[in-house]
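Engineer: Quick one: the structure is below, and I'll ask about it shortly.
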Amino acid sequence: MRAEGEALAGVEDAVAYIARLRQAPDKSILPVGRRVVVIGGGNTAIDIAIQTRRLGAEDVTIVYRRGPATMGATGHEQEFAQVNGVRIRHWARPTRLLGSDGRLREVEFQPTALDSAGRLQDSGERYSLAADMLFKAIGQSFMPDPVSAGAGQLLELEKGRLRVDARRATSLDGVFAGGDCIGGGADLTVQAVEDGKQAAHAIDLYLKRR
Ligand SMILES: Cc1cc2nc3c(=O)[nH]c(=O)nc-3n(C[C@H](O)[C@H](O)[C@H](O)COP(=O)(O)OP(=O)(O)OC[C@H]3O[C@@H](n4cnc5c(N)ncnc54)[C@H](O)[C@@H]3O)c2cc1C
C-alpha cells in the first residue's frame, strides 16, 4: 500500500486470512476486529469484508481509491457486500496507519480525484477511520521470472501473463497453460477448469502426433 505503519499488529493480507479461514475447523478461534477496514476494489476485498462481518465484526468499510465503475468487483458483488452490512467508500487511499502498543487503532486517508488527463491525484482534506484490523486486498500479480525453460528461455507474455493460443499452448513447444497465469483470462475458477479441459485435449493430441 506504501502507507506508513503497515507493520502494526492487526494489518493482514486478505488472501492469507481467507486461506486460514477456509481451513479452520473451528472458525470461532479466528481473531477478528470490531472495526475492520479493507483496502481494495476487487472480489477479494468483497470476500474478506463479508467474511469478517459474518465472523462478528461490527463495522466493516471497504475503501477504494477510484470510483465504482473501475472496481474489479462486479456490480452484483458490490451490492451483495452492502446487503451484508458492508460500507463502501470510494476515492481515497490510505496514507498512515496509526497505532498504540504496536496495534492498529486508526487509518488516515487521502481523498483522491482524477485530473483533466485522467490521472489519479490527491485532492482535499485527509480524514481518518477508527480500525483495529485492516486487510490489504490490493491484488496479486503474476511474476514471470521463474517461468523459464531450458537455457533460460522465457515463455512469451501477453499483458504481463503467459501468451497462449486457443489450445492453451504457450510459445514453447510442449508447454500448455491455463487459469490465472494466462493473458486474457477471466480470473475465475470456471475459466481455469475450462482451460484445464482444453489443454488436456490439446496435450492428448500433441502426444498422439508424436
Ligand atoms: C479471495 C478470492 C476469492 C475468489 N472467489 C472466487 C469466486 O467466488 N468464484 C470464482 O470463480 N473465482 C474466485 N476467485 C478466483 C479463483 O480462485 C481463481 O481464478 C482460480 O483459483 C484460478 O485457478 P488457477 O489454477 O489458475 O490458480 P490457483 O488456484 O491459484 O492455483 C495455482 C496453484 O499453483 C501453486 N503454485 C504456485 N507456484 C508454484 C510453483 N512454483 N510450483 C508448484 N506449485 C505452485 C499454488 O500454490 C496454487 O496451489 C477468487 C480468488 C480469490 C483470491
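The values are calculated or read from the model by the stated rules, or taken from the named source; none is laboratory data. Remember, predicted model here, so these are calculated numbers, not experimental data. Glycine gets a Cβ as well: all are built from the backbone with ideal geometry, and neighbour counts include every protein chain shown. For accessibility, only protein heavy atoms count, side chains too; no ligands or nucleic acids. Shrake-Rupley method; radii C 1.70, N 1.55, O 1.52, S 1.80 Å.
Engineer: Would you check which residues across the stretch 6-26 are more than 16 Å from the ligand (Cβ to nearest atom) and either surrounded by fewer than 15 Cβ atoms within 10 Å (Cβ to Cβ) or polar (S, T, N, Q) (or both) and list them?
Structural biologist: Glu6, Ala7, Ala9, Pro25, Asp26
Engineer: Please pick out the residue among Arg53, Arg119, Arg93 that is without any contact (Cβ under 8 Å) to a residue 12 or more places away in the chain and of a type outside the set (Gly, Ala, Ser).
Structural biologist: Unique residue meeting the criteria: Arg119.
Condition check ((1) under 16 Å from Arg66 (Cα atoms); (2) in a strand (DSSP E or B); (3) open to solvent by less than 90 Å² (accessible area, probe 1.4 Å)) across all residues:
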| position | (1), (2), (3) |
| --- | --- |
| Pro94 | yes, yes, yes |
| Pro111 | yes, yes, yes |
| Gln121 | yes, yes, yes |
| Ser128 | no, yes, yes |
| Ser141 | no, no, no |
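Engineer: Hey, Lys159 hits all of (1) open to solvent by 50 Å² or more (accessible area, probe 1.4 Å); (2) farther than 25 Å from Ala49 by Cα; (3) in the same structural domain as Ile46 (by TED's automatic domain parsing); (4) touching a residue at least 12 places away in the same chain (Cβ under 8 Å) but one; which does it fall short on?
Structural biologist: Answer for Lys159: the failing condition is (3).
Engineer: Just to be sure I understand the filter: pairs with C-beta atoms under 7 Å, separated by 6 or more residues or on different chains, first member in the stretch 164-178 and within 14 Å of Leu207 (Cα to Cα) and assigned by TED's automatic domain parsing to the domain that holds Gln191, second member of a type outside the set (Lys, Arg) and open to solvent by 30 Å² or more (accessible area, probe 1.4 Å). Which pairs pass?
Structural biologist: Arg167/Gln198; Ala169/Phe176; Gly174/Tyr206; Phe176/Ile203
The rows are residues; the columns are (1) closer than 19 Å to Arg105 by Cα; (2) part of a loop (DSSP other than H, G, I, E, B); (3) of a type in the set (Phe, Trp, Tyr); (4) open to solvent by less than 70 Å² (accessible area, probe 1.4 Å).
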site	(1), (2), (3), (4)
Ser28	no, no, no, no
Val32	yes, yes, no, yes
Asp47	no, no, no, yes
Ala57	yes, yes, no, yes
Thr61	yes, no, no, yes
Ala69	no, no, no, no
Gly72	no, yes, no, yes
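Engineer: Quick check on this structure: which one of Leu104, Leu114, Leu120 is aliphatic (A, V, I, L, M) and under 17 Å from Val36 (Cα atoms)?
Structural biologist: Residue meeting the stated conditions: Leu104.
Engineer: What are the residues in the stretch 74-86 that are open to solvent by 70 Å² or more (accessible area, probe 1.4 Å) and away from the ligand (no atom under 13 Å from the Cβ), if any?
Structural biologist: Hits for the stretch 74-86 are Glu79, Gln82, Val83.
Engineer: Counting just the residues of the stretch 166-207 that are surrounded by fewer than 18 Cβ atoms within 10 Å (Cβ to Cβ) and hydroxyl-bearing (Ser, Thr, Tyr), which one comes out nearest to the ligand (Cβ to nearest atom)?
Structural biologist: Among those residues, the one meeting the criterion is Thr189.
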